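Novice: So that we are looking at the same thing, I have put the structure below in structure tokens.
The values are calculated or read from the model by the stated rules, or taken from the named source; none is laboratory data. Just so you know, these numbers come straight off a predicted model, no measurement behind them. Neighbour counts run over all protein chains shown; Cβ positions are idealised from the backbone, glycine included.
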């Protein structure tokens, strides 16, 4: 009978803990770079959060962006951006929020329709006024904040605080790095991006929890093993699962990225990156953080080992 | 762990069969669904507007306008009452949310206050030592007024949209002063927006023929008259000719019972009919003012001001105004549906053309199929026979998600499809956890039954932990999310619950049956 291949050979004995300083430095660098990018370059907020107008126009012949841009710039609607979207005949038009409240946005759309004339079909029209955009933004932030808090509470109930702090640090690391990717690539940050970040929050913590479950189990089983060796063993034991699960999730996401259409492309890319980072952090960072936490061992010998282990 | 009571087996199979049946409802056409016996569920997954095409409009009712209007009404009655009682007054004006008036003669102050107290039970009347009387609407009255305005707007919007023949619109109140309108299948909401954007308050006034045109047009109309723009198709907005009309309303559109577009000498016009009271007032107004001009005012603009040639006693009349056919149709529709109590503004609009929606469905299908096939192959390659078991569980899982969404009447959006594809990728995790534990136990030298038994047992807490965290994120996303993102939250959350169910039941049942049938001496994993 066919037994299936092994992604990770059984009984790996990779010394993850011995490279933890390099990994910490790498992670710190990534988090700092993300924060700097976020602060300096900022995020490319979509109309969900910034307000404004988004039109997806379908032209009969290949769209001449220069001509369209000329016509739209003449309207004096402020910042107007055009880009082809999927095919040569589809143009995505973004217009910044018009001053003068909700009614001004509607007037701007009528002007655009007049300027581009007949022969253009509008496949998508989105207008978000100032009031709704700020509500959407804050609701998104609340959702992110609330889910991180809820996950912290959950972890706090399930594990000792040392594990909780390590898990949350790893999670923040993953989310901050993903936000950094949005800033770096100038990808549009919108409601779908918030959905991606929240899903990642759940995924990243679950990846870490699986490793920590094993650490805890081993702590009970091997009371005298030095913490460093015990963490190495736990990560090695869960390595196969971690990679298999990431692989299947990535397979599904690649399918979405390639075939799911333009609207989902940003979402899929953020998720792909987040899962790669999340997998990296649960293998290389999260457990290593436990080295620095005062992890309690149940027997005297274990306690001594843990103390000896602390750098 | 590896024993199932017969009733449990029956229950699991029953749930799977039920899921299959419920999911299959989505394959039926609308007619077939309607033809089902009444005891069966008549539900299907609704496609979100981003998939079937359509328009989503979030409107705000300007409730402030309703309160202002009420205050203006109070000003009119204050003026009438004080004049009738021959009390001198000054500075009668709206001041924030109150009406203020000053009585200069100290002797008349108490009389004035008593008089104004009786004016309106919803107001508080106070006076300071300078003889300034302030009339304040009570908080409760304001709230009632605002709430009633939103309800009434909802009703008027519904009537207007129903008249246009859009199929299955959703019109819901949201929060204190908002109305959500969803119009499936509509690819150009311009006309609807124009229709619901008009207040359509129609009133008939006499034209003030005596007014000095120079003074009036310079912004100094005689008291009791207003300068209004006269509709002119050729003029730019804001540059129309203007006309002086008396403020007094002869008849208002509230008394209309019907309005229809028709033709008069080839010109599109709108004919209307009043109820008995309106007809009488219209008759009186026209009888007493033959030879004068009657201005027809719609939302602060004079549509036309024809001469009254003879008394109009039948309670019906026509509005001319150089309309196009479409304009006449829309005006008649607006008059039939009634006026909005307050203006509406569009806070948010999201429209997707049906073609784009169909493209999205197609892309979603392809992504789902490719993603699933990849995951299925991957599982077989890396777990062999057990991968096959996991794939059967995955198929049941997808069936359960579809059935769950059908029963909850959930809406499938494009992000929702992403949620399903993602669930496919993540659902196998539970089985991966179980299989990895089994592998370990097998390596530890256990017998097949004991290794499998231990694998399931040890994986269980981790499966629950892992899924609960994602479920937390999904639920919060639903609570705080809006629009199509909620669709993602729904499919993700349902997917997590079904994943937990299939991992602990379906996979375990299949493995148990296989163990009993094959009596394996080693575990092919």
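Novice: Please find, within the stretch A:127-153, the residue that is surrounded by the fewest Cβ atoms within 10 Å (Cβ to Cβ) out of those that are at the interface with chain B (Cβ under 7 Å from one of its Cβ atoms) and free of Cβ contacts under 8 Å to residues at least 24 places away in the same chain.
Specialist: A:142
Novice: On to the next question. Suppose we filter the stretch B:501-524 for residues that are without any contact (Cβ under 8 Å) to a residue 40 or more places away in the chain and within 12 Å of chain A (Cβ to nearest Cβ); how many remain?
Specialist: Count: 1.
Novice: On to the next question. Kindly indicate whether residue B:58 is under 30 Å from residue B:363 (Cα atoms) and not assigned by TED's automatic domain parsing to the domain that holds residue B:361. Full working, then the answer.
Specialist: Values: under 30 Å from residue B:363 (Cα atoms): yes; not assigned by TED's automatic domain parsing to the domain that holds residue B:361: yes.
The answer is yes for residue B:58.
Novice: Being part of a helix (DSSP H, G or I) and at the interface with another protein chain (Cβ under 7 Å from one of its Cβ atoms) narrows it down to one residue among B:376, B:392, B:428, B:369; which is it? So that I can check it myself, show each step before the final result.
Specialist: On the way: B:376 fails: at the interface with another protein chain (Cβ under 7 Å from one of its Cβ atoms); B:392 fails: at the interface with another protein chain (Cβ under 7 Å from one of its Cβ atoms); B:369 fails: at the interface with another protein chain (Cβ under 7 Å from one of its Cβ atoms).
The conditions single out B:428.
Novice: In the stretch B:318-341, what count of residues is obtained for those that are touching a helix residue (DSSP H, G or I) at 6+ places or on another chain (Cβ under 9 Å) and either surrounded by fewer than 19 Cβ atoms within 10 Å (Cβ to Cβ) or within 14 Å of chain A (Cβ to nearest Cβ) (or both)?
Specialist: 3
Novice: In the list A:301, A:308, A:288, A:255, which residue meets the criterion of being under 26 Å from the mean Cα position of the chain (by Cα), at pLDDT below 95 and in a helix (DSSP H, G or I)? First the steps, then the outcome.
Specialist: Values: A:301 fails: under 26 Å from the mean Cα position of the chain (by Cα); A:308 fails: under 26 Å from the mean Cα position of the chain (by Cα); A:255 fails: at pLDDT below 95.
None of the other options fit; the residue is A:288.
Novice: Tell me the residue from B:355, B:409 that is out of contact with any helix residue (DSSP H, G or I) (no Cβ under 7 Å at 6 or more places or on another chain), within 13 Å of chain A (Cβ to nearest Cβ), surrounded by fewer than 24 Cβ atoms within 10 Å (Cβ to Cβ) and within 21 Å of residue B:184 (Cβ to Cβ), please.
Specialist: B:355
Novice: Would you kindly identify the strands (runs of 3 or more DSSP E) lying entirely within the stretch A:22-126 that contain at least 3 residues that are away from chain B (no Cβ under 12 Å)?
Specialist: Per the criteria, A:80-85, A:87-95.
Novice: State whether one or more residues within the stretch B:287-295 are closer than 20 Å to residue B:201 by Cβ, touching a residue at least 60 places away in the same chain (Cβ under 8 Å) and crowded, with 19+ Cβ neighbours inside 10 Å.
Specialist: Checking the stretch B:287-295: at least one residue is closer than 20 Å to residue B:201 by Cβ, touching a residue at least 60 places away in the same chain (Cβ under 8 Å) and crowded, with 19+ Cβ neighbours inside 10 Å.
Novice: Considering only the stretch B:458-479, how many residues are facing chain A (nearest Cβ under 8 Å) and closer than 16 Å to residue A:140 by Cβ?
Specialist: Qualifying residue count, the stretch B:458-479: 5.
Novice: Of these, B:31, B:72, which one is in the same structural domain as residue B:511 (by TED's automatic domain parsing) and either on the phi < 0 side of the Ramachandran plot or within 43 Å of the chain's Cα centre (by Cα) (or both)?
Specialist: After applying the criteria, what remains is B:31.
Novice: Out of B:148, B:112, B:176, B:141, report the one residue that is more than 30 Å from residue B:245 (Cα to Cα) and within 14 Å of chain A (Cβ to nearest Cβ).
Specialist: Details: B:148 fails: within 14 Å of chain A (Cβ to nearest Cβ); B:112 fails: within 14 Å of chain A (Cβ to nearest Cβ); B:141 fails: within 14 Å of chain A (Cβ to nearest Cβ).
Matching residue, one of B:148, B:112, B:176, B:141: B:176.
Novice: Has the stretch B:490-500 got at least one residue that is within 7 Å of another protein chain (Cβ to nearest Cβ) and within 43 Å of the chain's Cα centre (by Cα)?
Specialist: Scanning the stretch B:490-500, I find at least one residue that is within 7 Å of another protein chain (Cβ to nearest Cβ) and within 43 Å of the chain's Cα centre (by Cα), so the answer is yes.
Novice: Against the definition (on the phi < 0 side of the Ramachandran plot and outside the structural domain of residue B:338 (by TED's automatic domain parsing)), how does residue B:168 come out, yes or no?
Specialist: no
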